[in-house]
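Colleague: Quick one: the structure is below, and I'll ask about it shortly.
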Amino acid sequence: MKARAVVVAVATSLLLATGPLHAEYGDVVLNKRSDREGVRPVVFPHWFHRIRFRCKVCHQELGFEMRAGANEVLMSDIIDGRFCGMCHNGRVAWGPERCDLCHSGLPGLAPGIVGGAQTSGPGRW
Amino acid sequence: MGAAPATGPSPWLPLEKDGLHDPRGPGLGQLQQPAEALAPLPRDTAGNLVRWVQALESGAIEPRAALLPGTTVRTLDQDIIVSKFGSMPAVKFPHRQHTLWLDCANCHDKLFKAVAGANTFSMTRILNGEQCGLCHGAVAFPLTECNRCHSVPNASLRRRSAP
(Lines give C-alpha, C1' and ligand atoms only; values in the text may rest on other atoms or scores of the structure.)
Protein backbone atom coordinates (compact mmCIF):
# COMPACT_ATOMS: atom_id res chain seq x y z
CA MET A 1 0.00 0.00 0.00
CA LYS A 2 2.84 2.31 0.91
CA ALA A 3 4.74 1.35 -2.22
CA ARG A 4 1.70 2.14 -4.32
CA ALA A 5 1.42 5.55 -2.71
CA VAL A 6 5.06 6.21 -3.54
CA VAL A 7 4.54 5.15 -7.14
CA VAL A 8 1.52 7.42 -7.42
CA ALA A 9 3.44 10.30 -5.85
CA VAL A 10 6.39 9.82 -8.21
CA ALA A 11 4.11 9.51 -11.22
CA THR A 12 2.24 12.64 -10.18
CA SER A 13 5.39 14.64 -9.66
CA LEU A 14 6.72 13.46 -13.04
CA LEU A 15 3.47 14.48 -14.63
CA LEU A 16 3.65 17.85 -12.97
CA ALA A 17 7.30 18.29 -13.85
CA THR A 18 6.83 17.35 -17.49
CA GLY A 19 3.27 18.71 -17.63
CA PRO A 20 2.03 21.12 -20.23
CA LEU A 21 4.91 23.28 -21.31
CA HIS A 22 3.98 25.51 -24.17
CA ALA A 23 4.18 29.10 -25.25
CA GLU A 24 1.00 31.01 -25.84
CA TYR A 25 -0.45 30.59 -29.34
CA GLY A 26 1.07 33.13 -31.72
CA ASP A 27 4.09 34.03 -29.58
CA VAL A 28 7.08 35.02 -31.71
CA VAL A 29 10.69 34.62 -30.63
CA LEU A 30 13.02 37.27 -32.07
CA ASN A 31 16.56 36.05 -31.85
CA LYS A 32 18.39 36.84 -35.05
CA ARG A 33 20.86 38.94 -33.12
CA SER A 34 19.99 38.97 -29.41
CA ASP A 35 22.13 36.01 -28.33
CA ARG A 36 25.04 37.28 -30.36
CA GLU A 37 24.68 40.75 -28.85
CA GLY A 38 24.53 39.36 -25.32
CA VAL A 39 20.92 40.11 -24.45
CA ARG A 40 17.97 37.80 -23.91
CA PRO A 41 15.85 37.05 -27.00
CA VAL A 42 12.64 39.01 -27.44
CA VAL A 43 9.31 37.25 -26.87
CA PHE A 44 6.59 39.04 -28.83
CA PRO A 45 3.09 38.07 -27.62
CA HIS A 46 0.45 38.46 -30.35
CA TRP A 47 -2.31 37.88 -27.75
CA PHE A 48 -1.25 40.91 -25.72
CA HIS A 49 -0.99 43.22 -28.71
CA ARG A 50 -4.21 42.21 -30.47
CA ILE A 51 -6.25 43.10 -27.41
CA ARG A 52 -5.01 46.67 -27.92
CA PHE A 53 -4.39 46.96 -31.67
CA ARG A 54 -5.86 45.33 -34.76
CA CYS A 55 -3.46 43.36 -36.98
CA LYS A 56 -3.55 46.11 -39.60
CA VAL A 57 -1.88 48.65 -37.31
CA CYS A 58 1.40 46.74 -37.15
CA HIS A 59 1.15 44.83 -40.41
CA GLN A 60 0.06 47.81 -42.48
CA GLU A 61 0.89 51.10 -40.82
CA LEU A 62 4.08 49.95 -39.08
CA GLY A 63 5.25 47.88 -42.02
CA PHE A 64 5.78 44.49 -40.40
CA GLU A 65 5.74 41.66 -42.93
CA MET A 66 3.22 38.98 -42.01
CA ARG A 67 5.73 36.13 -41.98
CA ALA A 68 7.79 35.63 -38.83
CA GLY A 69 11.43 36.00 -39.74
CA ALA A 70 10.78 38.27 -42.71
CA ASN A 71 11.44 41.47 -40.76
CA GLU A 72 14.85 42.97 -40.14
CA VAL A 73 14.36 45.10 -37.07
CA LEU A 74 17.37 46.70 -35.41
CA MET A 75 17.39 48.45 -32.05
CA SER A 76 18.49 51.57 -33.91
CA ASP A 77 15.24 51.43 -35.92
CA ILE A 78 13.20 51.15 -32.75
CA ILE A 79 15.05 54.01 -31.06
CA ASP A 80 14.46 56.10 -34.21
CA GLY A 81 10.71 55.42 -33.97
CA ARG A 82 10.31 52.74 -36.61
CA PHE A 83 8.63 49.32 -36.21
CA CYS A 84 8.12 48.63 -32.46
CA GLY A 85 9.34 52.18 -31.87
CA MET A 86 6.14 53.63 -33.33
CA CYS A 87 4.51 52.75 -29.98
CA HIS A 88 7.38 51.73 -27.73
CA ASN A 89 8.55 55.30 -27.33
CA GLY A 90 7.55 56.07 -23.76
CA ARG A 91 4.28 57.64 -24.92
CA VAL A 92 1.99 54.88 -26.27
CA ALA A 93 3.93 52.08 -24.58
CA TRP A 94 7.14 51.73 -22.59
CA GLY A 95 10.24 53.07 -24.27
CA PRO A 96 13.29 51.24 -25.66
CA GLU A 97 15.32 51.88 -22.51
CA ARG A 98 13.22 49.26 -20.71
CA CYS A 99 15.32 46.46 -22.24
CA ASP A 100 14.23 43.63 -19.96
CA LEU A 101 10.51 43.95 -20.63
CA CYS A 102 10.89 42.85 -24.26
CA HIS A 103 14.20 40.97 -24.02
CA SER A 104 12.67 38.45 -21.64
CA GLY A 105 13.29 35.09 -23.34
CA LEU A 106 15.53 32.21 -22.39
CA PRO A 107 18.96 32.51 -23.98
CA GLY A 108 19.41 30.21 -26.95
CA LEU A 109 15.79 30.11 -28.09
CA ALA A 110 15.35 29.48 -31.81
CA PRO A 111 13.67 32.40 -33.59
CA GLY A 112 10.23 31.92 -35.12
CA ILE A 113 6.55 31.65 -34.33
CA VAL A 114 5.68 29.19 -31.59
CA GLY A 115 2.66 28.21 -29.57
CA GLY A 116 1.80 24.69 -30.52
CA ALA A 117 -0.39 24.82 -33.59
CA GLN A 118 1.72 26.53 -36.21
CA THR A 119 2.17 24.86 -39.56
CA SER A 120 5.62 23.60 -40.26
CA GLY A 121 4.89 21.32 -43.16
CA PRO A 122 2.09 19.40 -44.82
CA GLY A 123 0.06 17.61 -42.23
CA ARG A 124 2.10 18.94 -39.34
CA TRP A 125 0.80 21.75 -37.21
CA MET B 1 -20.41 29.42 -25.98
CA GLY B 2 -20.54 30.75 -22.44
CA ALA B 3 -17.43 31.23 -20.38
CA ALA B 4 -15.99 28.03 -18.99
CA PRO B 5 -16.50 27.42 -15.29
CA ALA B 6 -13.95 29.14 -13.11
CA THR B 7 -12.95 25.93 -11.34
CA GLY B 8 -9.88 23.86 -12.11
CA PRO B 9 -6.41 24.97 -13.11
CA SER B 10 -5.99 27.85 -15.51
CA PRO B 11 -5.56 26.67 -19.10
CA TRP B 12 -3.03 29.46 -19.69
CA LEU B 13 0.48 28.89 -18.39
CA PRO B 14 2.15 31.62 -16.38
CA LEU B 15 4.92 33.31 -18.37
CA GLU B 16 7.66 31.97 -16.12
CA LYS B 17 6.57 28.42 -16.90
CA ASP B 18 5.89 28.69 -20.64
CA GLY B 19 9.30 27.47 -21.77
CA LEU B 20 10.00 30.77 -23.52
CA HIS B 21 10.45 33.39 -20.82
CA ASP B 22 13.50 33.37 -18.62
CA PRO B 23 12.22 33.01 -15.04
CA ARG B 24 15.30 34.98 -13.92
CA GLY B 25 14.56 37.87 -16.28
CA PRO B 26 14.33 41.07 -14.24
CA GLY B 27 11.41 42.42 -16.31
CA LEU B 28 9.22 39.33 -16.08
CA GLY B 29 7.26 40.40 -13.03
CA GLN B 30 6.01 43.50 -14.81
CA LEU B 31 4.53 41.69 -17.82
CA GLN B 32 0.83 40.91 -17.99
CA GLN B 33 0.02 37.22 -17.54
CA PRO B 34 -2.04 35.53 -20.29
CA ALA B 35 -4.60 34.23 -17.80
CA GLU B 36 -5.30 37.71 -16.50
CA ALA B 37 -5.88 39.12 -19.97
CA LEU B 38 -7.56 36.19 -21.68
CA ALA B 39 -9.79 34.59 -19.03
CA PRO B 40 -12.47 37.33 -19.22
CA LEU B 41 -12.79 37.01 -23.03
CA PRO B 42 -15.22 34.75 -24.94
CA ARG B 43 -13.81 31.23 -24.62
CA ASP B 44 -12.70 29.09 -27.54
CA THR B 45 -11.40 25.53 -27.67
CA ALA B 46 -8.28 26.15 -29.76
CA GLY B 47 -5.43 28.61 -30.22
CA ASN B 48 -5.39 31.21 -27.44
CA LEU B 49 -8.73 29.77 -26.23
CA VAL B 50 -10.29 33.10 -27.18
CA ARG B 51 -12.95 33.78 -29.78
CA TRP B 52 -11.19 36.86 -31.04
CA VAL B 53 -13.82 38.09 -33.50
CA GLN B 54 -16.52 37.67 -30.90
CA ALA B 55 -14.37 39.47 -28.34
CA LEU B 56 -14.04 42.41 -30.70
CA GLU B 57 -17.69 42.48 -31.79
CA SER B 58 -19.00 42.22 -28.25
CA GLY B 59 -16.84 45.10 -27.09
CA ALA B 60 -14.93 42.86 -24.66
CA ILE B 61 -11.83 44.27 -26.34
CA GLU B 62 -11.49 47.54 -28.22
CA PRO B 63 -8.29 47.32 -30.25
CA ARG B 64 -7.32 50.46 -32.12
CA ALA B 65 -7.79 50.29 -35.88
CA ALA B 66 -5.22 52.94 -36.73
CA LEU B 67 -2.28 54.72 -35.18
CA LEU B 68 -1.52 57.48 -37.67
CA PRO B 69 -3.94 60.35 -38.28
CA GLY B 70 -3.89 59.98 -42.07
CA THR B 71 -4.75 56.27 -42.22
CA THR B 72 -7.95 55.22 -43.95
CA VAL B 73 -9.43 52.23 -42.16
CA ARG B 74 -10.87 49.93 -44.80
CA THR B 75 -13.48 47.26 -44.21
CA LEU B 76 -15.55 45.13 -46.59
CA ASP B 77 -18.75 43.17 -45.94
CA GLN B 78 -18.73 40.50 -48.62
CA ASP B 79 -18.71 36.71 -48.49
CA ILE B 80 -16.89 34.58 -51.06
CA ILE B 81 -17.75 30.91 -51.49
CA VAL B 82 -14.80 28.85 -52.71
CA SER B 83 -13.85 25.19 -52.97
CA LYS B 84 -17.29 24.14 -54.12
CA PHE B 85 -18.31 20.52 -54.77
CA GLY B 86 -15.19 18.91 -53.38
CA SER B 87 -15.01 16.12 -50.83
CA MET B 88 -15.42 18.67 -48.04
CA PRO B 89 -18.15 21.24 -47.54
CA ALA B 90 -17.44 24.45 -49.45
CA VAL B 91 -15.55 27.30 -47.81
CA LYS B 92 -17.22 30.57 -46.94
CA PHE B 93 -14.65 33.34 -46.72
CA PRO B 94 -16.13 36.33 -44.90
CA HIS B 95 -14.38 39.59 -45.76
CA ARG B 96 -16.14 41.34 -42.90
CA GLN B 97 -14.50 39.39 -40.07
CA HIS B 98 -11.14 39.51 -41.81
CA THR B 99 -11.20 43.26 -42.46
CA LEU B 100 -12.17 43.95 -38.87
CA TRP B 101 -8.59 42.95 -38.15
CA LEU B 102 -6.72 43.29 -41.42
CA ASP B 103 -6.24 45.78 -44.21
CA CYS B 104 -6.97 44.79 -47.83
CA ALA B 105 -3.25 45.08 -48.63
CA ASN B 106 -2.34 42.40 -46.09
CA CYS B 107 -3.72 39.78 -48.49
CA HIS B 108 -4.14 41.56 -51.85
CA ASP B 109 -2.44 41.07 -54.11
CA LYS B 110 0.54 39.37 -52.54
CA LEU B 111 -1.36 36.32 -51.27
CA PHE B 112 -4.55 36.40 -53.30
CA LYS B 113 -5.75 38.13 -56.45
CA ALA B 114 -8.60 40.51 -55.66
CA VAL B 115 -10.95 38.78 -58.10
CA ALA B 116 -13.37 36.10 -56.91
CA GLY B 117 -12.61 32.84 -58.71
CA ALA B 118 -9.11 33.90 -59.78
CA ASN B 119 -7.32 32.07 -56.96
CA THR B 120 -6.44 28.40 -56.68
CA PHE B 121 -6.38 27.19 -53.09
CA SER B 122 -4.43 24.21 -51.89
CA MET B 123 -4.69 22.60 -48.47
CA THR B 124 -1.12 21.38 -48.91
CA ARG B 125 0.08 24.93 -49.32
CA ILE B 126 -2.13 26.12 -46.47
CA LEU B 127 -0.77 23.42 -44.15
CA ASN B 128 2.67 24.49 -45.26
CA GLY B 129 2.07 27.98 -43.95
CA GLU B 130 1.19 29.62 -47.26
CA GLN B 131 -2.06 31.26 -48.40
CA CYS B 132 -4.62 31.13 -45.53
CA GLY B 133 -2.00 29.21 -43.55
CA LEU B 134 0.15 32.30 -43.18
CA CYS B 135 -2.18 33.29 -40.32
CA HIS B 136 -4.39 30.25 -39.70
CA GLY B 137 -2.13 27.88 -37.86
CA ALA B 138 0.14 30.63 -36.58
CA VAL B 139 -1.96 33.34 -34.97
CA ALA B 140 -5.55 33.00 -36.25
CA PHE B 141 -7.57 29.90 -35.30
CA PRO B 142 -5.57 26.77 -36.16
CA LEU B 143 -6.00 24.30 -39.00
CA THR B 144 -7.44 21.70 -36.69
CA GLU B 145 -10.75 23.57 -36.95
CA CYS B 146 -11.72 22.31 -40.44
CA ASN B 147 -15.41 23.07 -40.24
CA ARG B 148 -15.04 26.73 -39.37
CA CYS B 149 -13.93 27.36 -42.95
CA HIS B 150 -15.50 24.35 -44.66
CA SER B 151 -18.93 25.37 -43.48
CA VAL B 152 -21.22 25.41 -46.51
CA PRO B 153 -22.88 22.09 -47.50
CA ASN B 154 -22.37 21.53 -51.21
CA ALA B 155 -26.00 20.43 -51.47
CA SER B 156 -27.04 23.97 -50.58
CA LEU B 157 -25.15 25.36 -53.59
CA ARG B 158 -26.62 25.42 -57.03
CA ARG B 159 -24.42 23.92 -59.69
CA ARG B 160 -23.99 26.06 -62.76
CA SER B 161 -25.19 24.35 -65.90
CA ALA B 162 -22.44 22.41 -67.58
CA PRO B 163 -20.52 24.41 -70.18
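The values are calculated or read from the model by the stated rules, or taken from the named source; none is laboratory data. A quick note: this is a predicted structure, and the numbers were derived from the prediction, not measured. As a convention, Cβ positions derive from the backbone with ideal geometry for all residues, glycine included, and neighbour counts pool all protein chains shown.
Colleague: Being facing chain A (nearest Cβ under 10 Å) and in contact with a strand residue (DSSP E or B) (Cβ under 9 Å, 6 or more places away or on another chain) is the filter; apply it to the range B:106-131 and report the residue that is nearest to residue A:55 (Cα to Cα).
Modeller: By that ranking, first place goes to B:129.
Colleague: For residues that are away from chain B (no Cβ under 11 Å), among the aliphatic types (A, V, I, L, M) and touching a His at 6+ places or on another chain (Cβ under 8 Å), tally how many sit in the range A:23-49.
Modeller: 0
Colleague: Going by the conditions given, is residue B:72 outside any helix (DSSP H, G or I), closer than 22 Å to residue A:49 by Cα and modelled with pLDDT of 95 or more? Lay out the reasoning, then the answer.
Modeller: Working: outside any helix (DSSP H, G or I): yes; closer than 22 Å to residue A:49 by Cα: yes; modelled with pLDDT of 95 or more: yes.
Against the criterion (outside any helix (DSSP H, G or I), closer than 22 Å to residue A:49 by Cα and modelled with pLDDT of 95 or more), residue B:72 qualifies.
Colleague: Further, regarding this structure: On the given criteria, is residue B:67 touching an Asp or Glu at 6+ places or on another chain (Cβ under 8 Å), under 30 Å from residue A:86 (Cα atoms) and free of Cβ contacts under 8 Å to residues at least 12 places away in the same chain?
Modeller: Yes: the conditions hold for residue B:67.
Colleague: Do we have any residue at all in the range B:85-106 that's among the hydrophobic types (A, V, I, L, M, F, W, C), within 27 Å of residue A:27 (Cα to Cα) and assigned to a loop (DSSP other than H, G, I, E, B)?
Modeller: For the range B:85-106, residues among the hydrophobic types (A, V, I, L, M, F, W, C), within 27 Å of residue A:27 (Cα to Cα) and assigned to a loop (DSSP other than H, G, I, E, B): present.
Colleague: Can I ask one more? Which residue is surrounded by the most Cβ atoms within 10 Å (Cβ to Cβ), if the candidates are limited to the range B:140-163 and must be of a type outside the set (Gly, Ala, Ser) and free of Cβ contacts under 8 Å to residues at least 24 places away in the same chain? First the steps, then the outcome.
Modeller: Here is the first cut: in the range B:140-163, the residues of a type outside the set (Gly, Ala, Ser) are B:141-150, B:152-154, B:157-160, B:163.
After this cut, where a residue has to be free of Cβ contacts under 8 Å to residues at least 24 places away in the same chain as well, the list is B:143, B:148, B:158, B:160, B:163.
Numbers: B:143: 23, B:148: 14, B:158: 7, B:160: 7, B:163: 3.
Looking at residues that are of a type outside the set (Gly, Ala, Ser) and free of Cβ contacts under 8 Å to residues at least 24 places away in the same chain, I get B:143.
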